[in-house]
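Reviewing the structure listed below.
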Amino acid sequence: MELKAIAHMRSDFPEKFGIPRQSGLVEELESRIVFEKEYAIAEAFRGLEEYSHIWIIWGFSRNEGKEWSPTVRPPRLGGNTRKGVFATRSPFRPNNLGLSCVKLENIEFTENEGTVLYVSGADLMDGTPIYDIKPYLTLADCHPEAVCGFAAKTADYSLRVEFPDKLQGILEEKQQKALIGVLAQDPRPSYQQDPERIYIMSFSGYEVSFRVDKDILTVCDMIKG
C-alpha cells in the first residue's frame, strides 16, 4: 500500500527537541494543517466544522530509513527501562506512523494556501506529512475507564517555569503561554539531571535556553534564530 501525504503541519517546532510527548498536553499550542492542492477541495471538508476534535494520522518523517526496534526505552521511565514498542508511542516502529488527537479551532479556505485547518494541542514538528484526518467521536473514542499502564504513573509530572521579566513581551501572550506549557512538560531526557547544564530549544523562530534544578525550570535567554 502506498501512502500519499494529503497535507503538512505548520507549527512552531522546526526540530524534534521540545515537542510535547503527547498531543493535548499543551492546549495553547496553535498549529495549521495545510492541504495539498488536489485534496484542498471544499466539498471534502463539508460537515467537519460540526466536530470539535479530529484525529491526525501522520508520519515520523525524520525516522525514514531507520530500523525499528522490538523494545524501546521510554524517556519518562528514566531512559533505562525497556518496554515493547507496541506498548509505547515510540517513533521507532515497523511503520513510521503517528496518531494524534487535536482540537479543531477553525477551517479556512484561502487563495494562497488552499484549505487550512487551525488546530490546537498538536505534538507535530513543522513540515510533518499528514496522511489522513478523521473526526473524533466521543461515543466510540472516549473511554474514561481505560487503564493506561506505566504512562499513568507520570501523567501529573510537571515543572515550575520561571520566566524572567526581561524576556516578557518577546512573544505574543498566547505564544508565551504555549512555550511555558511546553517547558513545564520537561523537554529533557529523563536521565539528564545536571542542574548546571544549559539546554537550547527552537520555538517560533527563537533559540530558547534554559536549565533545570530539581522541579524548577528557569528560562535563561531567547535569541532570534
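The values are calculated or read from the model by the stated rules, or taken from the named source; none is laboratory data. These figures come from a predicted structure and were not determined experimentally. Every residue, glycine among them, receives a Cβ derived from its backbone with ideal geometry; neighbour counts consider all protein chains shown. Accessible surface is based on the protein model in full, side chains and every heavy atom, while ligands, DNA and RNA are left aside. Shrake-Rupley method; radii C 1.70, N 1.55, O 1.52, S 1.80 Å.
Side notes on the structure shown:
- Kirkwood Rh in Å, taken over all unlike Cα pairs in segment 1-94: 16.3
- Proximal charge balance of residue 135 [Cβ under 15 Å; K/R count +1, D/E count -1]: -2
- Entries of 103/134; 153/174; 166/224; 103/224; 16/66 with Cα pairs more than 18 Å apart: 153/174; 103/224
- DSSP bridge pairs, the chain: antiparallel proportion in percent, nearest 5: 95
- Candidate aspartates and glutamates for bridging to residue 4, where Cα separation is under 20 Å - those fewer than 8 sequence places away on the same chain excluded: 36, 38, 43, 64, 113, 126, 132
- Relative to the longest principal axis of the Cα atoms of the chain, the long axis of helix 173-184 makes an angle of roughly 60 degrees.
- Among 104-113, 34-43, the order from most to least packed when residues are scored by Cβ within 10 Å on average: 34-43, 104-113
- Between the residues 202, 189, 146, the greatest Cα displacement towards the positive end of the dipole of segment 113-215, with unit charges on the Cβ of Lys, Arg, Asp and Glu, is found for 189.
- Descending semi-axes in whole angstrom, ellipsoid equivalent of segment 41-84, from the Cα gyration tensor: 36, 16, 8
- Per-atom-type breakdown for the chain gives carbon and sulfur 50% of the accessible area (1.4 Å probe, protein chains only).
- The chain - accessible surface per residue (Å², probe 1.4 Å): 60
- Surface/4 estimate of mean projected area, convex hull on alpha-carbon atoms of segment 125-185, nm²: 7.3
- Taking max minus min of the alpha-carbon positions on each principal axis, the chain gives extents of 54, 44, 38 Å, largest first.
- Note on segment 181-225: Cα-only Rg and Dmax are 10.3, 29 Å.
- Taking every alpha-carbon pair in segment 134-225 and binning the separations at 10 Å intervals from zero gives 14, 39, 25, 17, 5 percent.
- When you count the other C-beta atoms within 10 angstrom of each residue and take the mean per peptide, 75-87, 15-27, 204-216, 174-186 line up highest first as 174-186, 15-27, 204-216, 75-87.
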